[in-house]
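The values are calculated or read from the model by the stated rules, or taken from the named source; none is laboratory data. In this text the structure is predicted, and so the values were computed from the model without any measurement. Glycine gets a Cβ as well: all are built from the backbone with ideal geometry, and neighbour counts include every protein chain shown.
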Amino acid sequence: MSETNNLAPNDLSSFWMPFTNNRQFKKNPRMFVAAKDMHFTTADGRQVLDGTAGLWCVNAGHCRPLITEAIQKQAAELDYAPAFQIGHPKAFELANKIAELAPEGMGHVFFTNSGSESVETALKIALAYQKIKGEGSRTRLIGRERGYHGVNFGGISVGGIVPNRKMFGTLLAGVDHMPHTHLPEKNSFSKGEPQHGAYLADELEKIVALHDASTIAAVIVEPVAGSTGVLIPPKGYLQKLRNICDKHGILLIFDEVITGFGRMGCNFAADYYGVKPDIITTAKGLTNGVVPMGAVIVRDEIHDAFMTGSEEVIELFHGYTYSGNPIAAAAGLATLETYKQDGLFERANDLAPYWEDALHSLKDAKYVIDVRNIGLIGAIEIEPIAGAPTKRAFSAFIKAYEKGLLIRTTGDIIALSPPLMVSKSQIDEIVDTIRETLNEVD
Ligand code: PXG
């Protein structure tokens, strides 16, 4: 054991890192050892500005005192309580707070430990609900190309990111996919919602016509697709999906793991777009990423449909050892309080126009072929190196890191989502560093 945790471990072999080029990383590791507000500290003592809120989760900024203290206190008071057939007050309190933030009539919350588990939970609730309503033939699930819904089997089945699916067998049966909404020839450099493409929602009608509505349980989409490289829904698209689902008795699930809790400058993307889904999946920003936790928010009628029959019977055969875990619940409560005290959702909303202008100033930067933005989300798409896709963006990731800025790259897209406490000068710093970085990569 090293005497100080500021030293990189000298043997990196045992930890099989997620979504990482392990061998390349271990030859030249990048380690964070501390964080505060907008910055990480690296093992060699450098400050790195967090342009991505960790992995889209640290919406309140790092090591915020209320959250840290709440976790410390909870760990000393009630470390764990069984999640089945016994409760503890903070889980109920947090569920109430989430329901207050959720759109009207979505007053019930099922706790999970990640976005992936929230997605599995939502899909299972949708299927079970259809069955309870006497519509047991509705077993199909519809996702979308380029969709990301976590990495469990349900999520990769409805998801549409090919490398996440192709190694893992036949996946769930009875899944179909709508086309993605990316129309670069029509919409590049759109500020906010792109004008063109609402018609792509009509593809759902074609899928319904093919399979018949009586076989379809639910449609799941990210209101703004994040992981695939920030695809913003064309104007009117989500409302059209809602209308088609209503017409055919299909549930609409919004996967708001990224868009929830202030990222759009309001509680949820559902509020931003004025489109109410039947189920919302969340995680990440719920606890500021500090303790793993997810929550599935369910429309009252769906929840109530389960609360019939004998009270001696478990209504939903589903749940996790850590559903509503006390330390996660304490972190969630303190996170929501921090958002409120600091007015962070309003701050994100106020900053969004500045963010938009700053990002679009990169239109003439080297290699840039598109800039997209909404709320405090942004993407800079760059021209790939011929025959070597992703290579230029990955070089930019490394170069930006060396220059003291954390960005995310996916394919040849730089994705940005800073903590909501970001300042205007830090936004300028993000943009300036990206411009410089692009000037310097091959
Ligand atoms: N749904 C959506 C919409 C997500 O973005 C998940 C589900 C899965 O969440 P968990 O907690 O199981 O990872 C996600 C996660 C990236 C990136 O850089 C995005 C995610 C995770 C890690 C990296 O775009 N999204």
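Go through Phe153, Phe168, Phe110 for me and flag whichever is of a type in the set (Phe, Trp, Tyr) and in contact with a strand residue (DSSP E or B) (Cβ under 6 Å, 6 or more places away or on another chain).
The unique qualifying residue is Phe110.
May I ask you to verify whether Lys206 is away from the ligand (no atom under 16 Å from the Cβ), under 23 Å from the mean Cα position of the chain (by Cα) and among the basic types (Lys, Arg)?
So Lys206 does not fit the description; no.
Of all the strands (runs of 3 or more DSSP E) wholly in region 356-442, which have at least 1 residues that are without any contact (Cβ under 8 Å) to a residue 60 or more places away in the chain?
Counting at least 1 such residues, we get 377-382, 408-410, 413-416.
Kindly indicate the residue of region 169-206 that is among the β-branched types (Val, Ile, Thr) and surrounded by fewer than 21 Cβ atoms within 10 Å (Cβ to Cβ) and also farthest from Asp364 (Cα to Cα) among those meeting that condition.
By that ranking, first place goes to Thr170.
Take the conditions under 25 Å from Gly249 (Cβ atoms), assigned by TED's automatic domain parsing to the domain that holds Asn164 and modelled with pLDDT of 95 or more and apply them to Ile98. Does it pass?
Considered against the rule, which asks whether it is under 25 Å from Gly249 (Cβ atoms), assigned by TED's automatic domain parsing to the domain that holds Asn164 and modelled with pLDDT of 95 or more, Ile98 comes out as no.
Determine which single condition Gly375 fails, assuming it passes every other condition in (1) more than 24 Å from the chain's Cα centre (by Cα); (2) on the phi > 0 side of the Ramachandran plot.
Against the list (1) more than 24 Å from the chain's Cα centre (by Cα); (2) on the phi > 0 side of the Ramachandran plot, Gly375 comes up short only on (1).
Pick from Ala91, Ala70, Ala34: which is farther than 19 Å from Asn267 by Cβ, over 20 Å from the mean Cα position of the chain (by Cα) and without any contact (Cβ under 8 Å) to a residue 40 or more places away in the chain?
After applying the criteria, what remains is Ala34.
Where residues in region 404-428 are surrounded by 17 or more Cβ atoms within 10 Å (Cβ to Cβ) and among the charged types (D, E, K, R), which of them is nearest to the ligand (Cβ to nearest atom)?
Arg408
Filter region 118-168 for residues that are more than 16 Å from the ligand (Cβ to nearest atom), outside any helix (DSSP H, G or I) and of a type in the set (S, T, N, Q); which is surrounded by the fewest Cβ atoms within 10 Å (Cβ to Cβ)?
The residue in question is Ser137.
Quick grid of which residues meet (1) surrounded by fewer than 24 Cβ atoms within 10 Å (Cβ to Cβ); (2) under 20 Å from the mean Cα position of the chain (by Cα); (3) assigned by TED's automatic domain parsing to the domain that holds Gly143:
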| site | (1), (2), (3) |
| --- | --- |
| Ile244 | yes, no, yes |
| Lys247 | yes, no, yes |
| Asp255 | no, yes, yes |
| Thr259 | no, yes, yes |
| Gly262 | no, yes, yes |
| Phe268 | no, yes, yes |
| Asp271 | yes, yes, yes |
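Regarding region 406-416, can at least one residue be identified that is farther than 23 Å from Asn164 by Cβ and touching a helix residue (DSSP H, G or I) at 6+ places or on another chain (Cβ under 8 Å)?
No; the residues of region 406-416 include none that is farther than 23 Å from Asn164 by Cβ and touching a helix residue (DSSP H, G or I) at 6+ places or on another chain (Cβ under 8 Å).
For Lys363, which of the numbered conditions (1) of a type in the set (D, E, K, R); (2) surrounded by fewer than 19 Cβ atoms within 10 Å (Cβ to Cβ); (3) under 30 Å from Gln24 (Cα atoms) fails to hold?
Against the list (1) of a type in the set (D, E, K, R); (2) surrounded by fewer than 19 Cβ atoms within 10 Å (Cβ to Cβ); (3) under 30 Å from Gln24 (Cα atoms), Lys363 comes up short only on (3).
What number of residues within region 220-246 satisfy the criterion of being in contact with a strand residue (DSSP E or B) (Cβ under 7 Å, 6 or more places away or on another chain) and either more than 29 Å from Gly54 (Cβ to Cβ) or among the charged types (D, E, K, R) (or both)?
Of the residues in that region, 4 qualify.
In region 342-395, what residues are over 18 Å from Gln195 (Cβ atoms) and of a type in the set (S, T, N, Q)?
Asn349, Ser361, Thr390, Ser395
Does Asp342 satisfy the criteria of being of a type in the set (D, E, K, R), closer than 30 Å to Ala70 by Cα and at pLDDT 95 or above?
In short, yes.
Determine if region 305-314 includes at least one residue that is of a type in the set (A, V, I, L, M, F, W, C) and more than 19 Å from Ala91 (Cβ to Cβ).
Yes - at least one qualifying residue is present in region 305-314.
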